[in-house]
Each structure stands twice: as C-alpha cells, then as structure tokens.
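Remarks on the structure that follows.
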Amino acid sequence: MSLTNMLEAAARGGTVEVEQGWTQGRAIFGGLTGALLLAAMKGCLRSRDTGDGSAPVVHPLRSITVSFIGPATTGPVEVDAEILRVGSNVVQCQATVRQEGAIVATALAAFGKHRQSSISVAPAHPMPALGDPTAIEAFPYIEKLTPEFYRFVELRQVGGQLPFSGSETADLSGWASLREAPERFEEEHLVVLADAWPPAPIQMLDGFAPGSSLTWTLELIAEVGPEAFPAESILGYAAATDAARDGYAHTHAMLWRPDGELVAISRQTITVFG
C-alpha cells in the first residue's frame, strides 16, 4: 500500500496493511502511526449522522496527542475511532491502533471551527535562518544505516549533529518534505513530517542506544489547505531539548512554511536508554 492508500484504508476503519519500509528501528514509524490515527478520526467524523440530513463538516485539527503503547511491526493493524463529544465549536475524538489484539497506540484529537476573538498574539519563536532548502543535500536512504522510512521522507539538516555522535548540543533544525508529493497535502501529511526528525537529544549519545517517543502532542497553528500548502510542501523545523534526566527527555519543536508562517508546535516525551 502507498501512503495514500494506507490513509484511505484508515479513514474507512478496520484493517490497514502497513507497507514494508515504513519502520524506524523495530517499530512502525511514529509519524505514520499518528497519521493513521488522525485519518481514522476524520473518517469517523465524515461518516457521522448529523441528525438533520446535512453533510457532516470536519473542522480544522487543533491538537492531537498520541501515546505509543508498544511497538507495532509492518503488516496488518486494526485502526478504530470514535467521537467522544460534539460541541457547538469543538469536536473531540479518540482512536486506537491494535495489532494481534493488543493496543499499540492511542490518540485524542480536538477539531475546532473558527471563532471570533479579541486575542491575537504573534508567535514567540520566529523562524530561524535555515537557508535555501534546495541548496542542502537530503539525507539518503542507506539500507541498514538509516531508518527505513527515509525511503519516503526527505530531511535536510541545518543545525545540530547526527544521532549518536557525542554532540554537546541537544537542538536540531532543518527542512522536511515527502519524496513523492501527494495529490493534495492534508493534515495527515503534516503529522508525518512533524515526526520525521530523530529525537533531538540522542545526538548527545556517544554510540548507539535505543530511544523512542513515549507521548507526542502536535498543536496546529495554521489551517492546512491547498491555498497555503501545495502538494510538494516543504516545512522548516527547529527542535529544542527542554530537560533530560533519569532516562527521559522533554522536547518542543516548531514547524514553519518557507515564508516564515508558524504551522505547528510539537511536544514530546522521549525515552532514552543510554
């Protein structure tokens, strides 16, 4: 299955065949897991009965929080979603991914329509100088050396060091895009790209050690649509490590469009075994 086909299958609910190559270490790439969960929730919203015969409206995604319960391997997974509450402005949903009967990931998401407000605050973190993305060579996919999902995602690193390089910094920045542009760039594609970078603090490790996301929250600032996000969208990224101790690290990251508009804020709790 292609990424498009996997997202379409998740939107219908039930079994999704996760294609070979979408792994990160021993588990399915977390950005794909998050995108499948989001697709399932949006599919559930599109098929709901509004009670008055009108077509259901899916409001823009405002926030999604994913908990990675256990590692899932490529092959069949079961994706299900339910609507928790439909309010006048906000709809909240939940979704799960199961494999062989066990829950491997779960997510909560809030979808909200535009509301009038007198509050408008400019982003506190302007986009850093990341240079021209076309002038930066993307990481190649190298079998058994780079994560397998690099077959589908292009990362162009600007700041920070490579994972496990014994770096003194725990920050990371660069550009991310899909190797094959979808027919239309959706919120699900943003979720994939937002989690494509390695955890920022693992560059401090002097040698390989396992590390993975425990929880991940993505908050959308900009509304994703074809006017602002062309199919071949590339996103700027900068992550900072807020704290790390006792085998856990806490990071936040910002994502921008090339024109400098803030798109999303990503927050993660990461387990580090080293």
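The values are calculated or read from the model by the stated rules, or taken from the named source; none is laboratory data. This one's a predicted model, so the numbers in the text were calculated from it and none came from an experiment. Glycine gets a Cβ as well: all are built from the backbone with ideal geometry, and neighbour counts include every protein chain shown. Just so you know, the surface numbers come from the protein's heavy atoms only, side chains and all, with ligands and any DNA or RNA stripped out. Shrake-Rupley method; radii C 1.70, N 1.55, O 1.52, S 1.80 Å.
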Accessible-area order for His189, His252, largest to smallest, probe 1.4 angstrom, reads His252, His189
Here the relative contact order (percent) of the chain, from C-alpha pairs under 8 Å and at least 6 apart, is 17 percent
Scalar couplings 3J(HN,Hα) for the stretch 66-73 by Karplus 6.51 cos²θ - 1.76 cosθ + 1.60 (θ = phi - 60°), nearest whole Hz, x for Gly and Pro, are 10, 10, 8, 7, x, x, 10, 9
Over all Cα pairs of the stretch 112-189, the Kirkwood radius sets Rh, and Rg/Rh then becomes 1.07
Rounded to the nearest 10 Å², the accessible area of Thr134 using a 1.4 Å probe with every protein chain kept is 120 Å²
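Would you rank Glu168, Glu8, Glu188, Glu143 by solvent-accessible area, highest first, keeping every protein chain in place and using a 1.4 Å probe?
Glu168, Glu143, Glu8, Glu188
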Cβ-Cβ cut-off under 10 Å around Trp175, Lys and Arg +1, Asp and Glu -1: the net charge is -1
Karplus ³J(HN,Hα) for the stretch 258-274 (6.51 cos²θ - 1.76 cosθ + 1.60, θ = phi - 60°; Hz, whole; x = Gly/Pro) runs x, 7, x, 6, 5, 9, 7, 10, 10, 10, 9, 10, 10, 8, 10, 9, x
Ranked by GNM mean-square fluctuation in the chain (Cα springs under 10 Å), the top entry among Gly53, Gly31, Gly43 is Gly53
With -39,500 (n - 2.57) per DSSP H segment of 4 or more residues and division by the full residue count of the chain, the 222 nm estimate, nearest 500 deg cm²/dmol, is -4000 deg cm²/dmol
Within the chain, the percent of DSSP beta bridges that are antiparallel, given to the nearest 5, stands at 100 percent
What the Cα atoms of the stretch 23-147 span along the principal axes, largest first and in whole Å, is 54, 45, 23
Residue-ordered couplings for the stretch 230-245, obtained by feeding phi - 60° into the Karplus form 6.51 cos²θ - 1.76 cosθ + 1.60 and rounding to whole Hz (Gly and Pro as x), are x, 4, 9, 4, 10, 10, x, 9, 9, 10, 10, 8, 7, 6, 8, 6
If amide H atoms are modeled at 1.01 Å from N in the peptide plane, then the residues at a separation of 5 or more from Ser233, or on another chain, having amide H under 5 Å from its own are none
If exposed means chymotrypsin sites (Phe, Trp or Tyr not before Pro) lying in a DSSP loop and surrounded by at most 12 other beta carbons within 10 Å, then the longest stretch of the chain lacking such sites spans residues 1-207
So, with points 7 Å from each Cα along the Cβ direction, the Tyr248-Thr73 label distance in nm works out to 3.0 nm
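If you roll a 1.4 angstrom probe over the protein chains with everything in place, what fraction of the accessible area of the chain belongs to carbon and sulfur, to the nearest %?
Carbon and sulfur together cover 51 percent of it.
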For Ser88 the rounded accessible area (nearest 10 Å², probe 1.4 Å, non-protein molecules ignored) is 90 Å²
Per residue, the convex hull enclosing the alpha carbons of the chain has a volume in Å³ of 142 Å³
Under a 1.4 Å probe, counting only protein heavy atoms, Val58 has an accessible area in Å², nearest 10, of 40 Å²
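Please state, as a whole number in µm²/s, the translational diffusion coefficient that the Stokes-Einstein equation yields for the stretch 160-247 at 20 °C and 1.002 mPa s, with Rh defined as the Kirkwood radius across alpha carbon pairs.
It comes out at roughly 146 µm²/s.
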From highest to lowest solvent-accessible area (probe 1.4 Å; ligands, DNA and RNA excluded), Arg85, Arg46 read Arg85, Arg46
Scoring only Lys, Arg, Asp and Glu (+1, +1, -1, -1) among other residues with Cβ under 13 Å from the Cβ of Glu188 yields -3
